[in-house]
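To start, the structure itself, in structure tokens.
The values are calculated or read from the model by the stated rules, or taken from the named source; none is laboratory data. Predicted model, so just to flag it, every value in this text is computed and none were measured. All Cβ positions, even for glycine, are placed from backbone atoms using ideal geometry, and neighbour counts span all protein chains on display.
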Amino acid sequence: MIREFVSKYGIKNFFDVGVGVCHQVVVEKGLALPGMLLLGSDSHTCSYGAVGAFSSGIDRTEAASLILTGETWLKVPNSIKINLNGKLSNGVYAKDLILHIIGDISASGANYCSVEYHGDISQFSIDDRFTICNMGVEMGAKNSVFSPDKATTNFLESIGIYDKSYDFILPDNDANYSQQLDYELSKIVPVVACPHSVDNVKPAEDLKDIDIHQCLIGTCTNGRLVDLEIAANILNGKKVNSKVRLLVLPASKDIYQKAVEKGIIEILLKAGSVILPPGCGPCLGAHQGCLAPGERCISTANRNFKGRMGCKESEIYLASPATVAASAITGKITDPREVKR
């Protein structure tokens, strides 16, 4: 039915099975640009703030109305300014940072707000920013955004889009914010969001006695090339624990191909990983990774609600690709800095 609809109305930007997760593909194909307003019928549409866009999720009925009428409405959200100061320590990643923030302000701490990231943000790649913005909705944000800068320009040029195609929209110097928060990045440690809420965040080292049955590296949150590379660096020359299944899910076909070319997939396969086709799959309990009663999964996804990945009697823990890879080796939740040592 979708293919027939696409053909009937001559829709150009249609990406069929195997191309990847919609959010990753939208950014890869240059369909999200600085200064744009993007609305999508999935809550993690907020990911596109990584390139300086205002992007937000709407429900399916609203999306259908928008297609039919070309119009919708939005309240102007209050803005929260988050200052990121200093530098992350080795073994600590963007996923740890955003989980730390959500754990700090709670799952409703930014309800219907636009969250802006400021401070020492030049250290964060577009991939890092994607991970952080992707999880904006997990603290209730309507929009989650990094101001576009040189990193944004470099990324867009790498996919063939040059600066005359878009406009940077930046906050005013005297902008007012409903709230300002400051985080010292050097104090962030590897963390894990425990069942059954994303804001139930604890240091990974405090959970070292928790056995794991399934590990998932991928999804629109952490299925990019750098994430697979981080996991491969930890797993290189090691083996996945015999009590664990490690699923690797590239966010797109393009990422999958690059991971093959760089030898990342070979390393992951030799370690005992199961490579899944690009897409959402087990993230929302769709296929190839649904959890059974009593099973525990540590995942790089963005949600750990009860029943999210299958049975309501299972448990989901959220962490960085490094923490998931380290846990796959030991069979227990593991601080990746311990494995590296």
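Among the listed residues Asn78, Asn90, which satisfies the condition of being closer than 19 Å to Asn222 by Cβ and more than 19 Å from the chain's Cα centre (by Cα)?
Asn90
Taking Ala301, is it on the phi < 0 side of the Ramachandran plot, assigned to a helix (DSSP H, G or I) and among the hydrophobic types (A, V, I, L, M, F, W, C)?
no
So Asp209 clears everything in (1) assigned by TED's automatic domain parsing to the domain that holds Leu97; (2) modelled with pLDDT under 95; (3) surrounded by fewer than 16 Cβ atoms within 10 Å (Cβ to Cβ) except one condition, right? Which one?
(1)
Residues Leu225, Leu246: which one is over 12 Å from Thr300 (Cβ atoms) and crowded, with 17+ Cβ neighbours inside 10 Å?
Every option except Leu225 fails the conditions.
For residues in region 137-166 being over 20 Å from Lys81 (Cα atoms) and in contact (Cβ under 8 Å) with a residue 40 or more places away in the chain, which is surrounded by the most Cβ atoms within 10 Å (Cβ to Cβ)?
Selected residue: Leu156.
Can you pull out the residues in region 186-203 that are crowded, with 18+ Cβ neighbours inside 10 Å, among the hydrophobic types (A, V, I, L, M, F, W, C) and over 22 Å from Lys306 (Cβ atoms)?
Passing the criteria: only Ile188.
Do we have Ile132 as among the hydrophobic types (A, V, I, L, M, F, W, C) and in the same structural domain as Ala292 (by TED's automatic domain parsing) here?
Considered against the rule, which asks whether it is among the hydrophobic types (A, V, I, L, M, F, W, C) and in the same structural domain as Ala292 (by TED's automatic domain parsing), Ile132 comes out as no.
Hey, can you tell me all the residues within region 307-335 that are over 22 Å from Gly136 (Cβ atoms) and assigned to a loop (DSSP other than H, G, I, E, B)?
Gly307, Cys311, Lys312, Glu313, Ser314, Gly331, Ile333, Thr334, Asp335
Of the numbered conditions (1) on the phi > 0 side of the Ramachandran plot; (2) more than 19 Å from the chain's Cα centre (by Cα), Ile11 fails exactly one; give the number of that condition.
(1)
Across region 47-68, which residue is surrounded by the most Cβ atoms within 10 Å (Cβ to Cβ) among those that are closer than 17 Å to Asn134 by Cβ and among the small types (Gly, Ala, Ser)?
Step by step, filter region 47-68, then rank; the result is Ser47.
Just need a number here: residues in region 23-35 that are under 21 Å from Arg60 (Cα atoms) and assigned to a loop (DSSP other than H, G, I, E, B).
Matching residues across region 23-35 total 2.
So Glu338 fits all but one of (1) in a helix (DSSP H, G or I); (2) loosely packed, with under 14 Cβ neighbours inside 10 Å; what number is the exception?
Single failed check for Glu338: (2).
Might you let me know whether region 125-138 holds any residue that is modelled with pLDDT of 95 or more, outside any helix (DSSP H, G or I) and out of contact with any helix residue (DSSP H, G or I) (no Cβ under 6 Å at 6 or more places or on another chain)?
Scanning region 125-138 turns up at least one residue that is modelled with pLDDT of 95 or more, outside any helix (DSSP H, G or I) and out of contact with any helix residue (DSSP H, G or I) (no Cβ under 6 Å at 6 or more places or on another chain).
Residue by residue through region 188-240, note down the ones that are part of a loop (DSSP other than H, G, I, E, B) and of a type in the set (Val, Ile, Thr).
Passing the criteria: Ile188, Val189, Val198, Ile210, Ile212, Val240.
What is the one condition in (1) assigned by TED's automatic domain parsing to the domain that holds Pro77; (2) modelled with pLDDT of 95 or more; (3) of a type in the set (S, T, N, Q) that Asn173 does not satisfy?
Failing condition for Asn173: (2).
Anything in region 15-49 that is out of contact with any strand residue (DSSP E or B) (no Cβ under 7 Å at 6 or more places or on another chain) and of a type in the set (D, E, K, R)? List them, or say none.
Once the filter is applied, which keeps residues that are out of contact with any strand residue (DSSP E or B) (no Cβ under 7 Å at 6 or more places or on another chain) and of a type in the set (D, E, K, R), region 15-49 yields Asp16, Lys29.
What number of residues within region 87-110 are under 11 Å from Ala322 (Cβ atoms) and either assigned to a loop (DSSP other than H, G, I, E, B) or modelled with pLDDT under 95 (or both)?
4
Tally time: how many residues in region 83-105 are over 15 Å from Val191 (Cβ atoms) and surrounded by fewer than 21 Cβ atoms within 10 Å (Cβ to Cβ)?
The number of residues fulfilling the criteria is 5.
For the condition at pLDDT 95 or above, of a type outside the set (D, E, K, R) and surrounded by fewer than 23 Cβ atoms within 10 Å (Cβ to Cβ), what is the one hit in Ala271, Ala325?
Answer to the selection: Ala271.
Among the numbered criteria (1) touching a residue at least 40 places away in the same chain (Cβ under 8 Å); (2) under 18 Å from Asn302 (Cβ atoms), which one does Met36 miss?
Looking at each condition in turn, Met36 falls short on (2).
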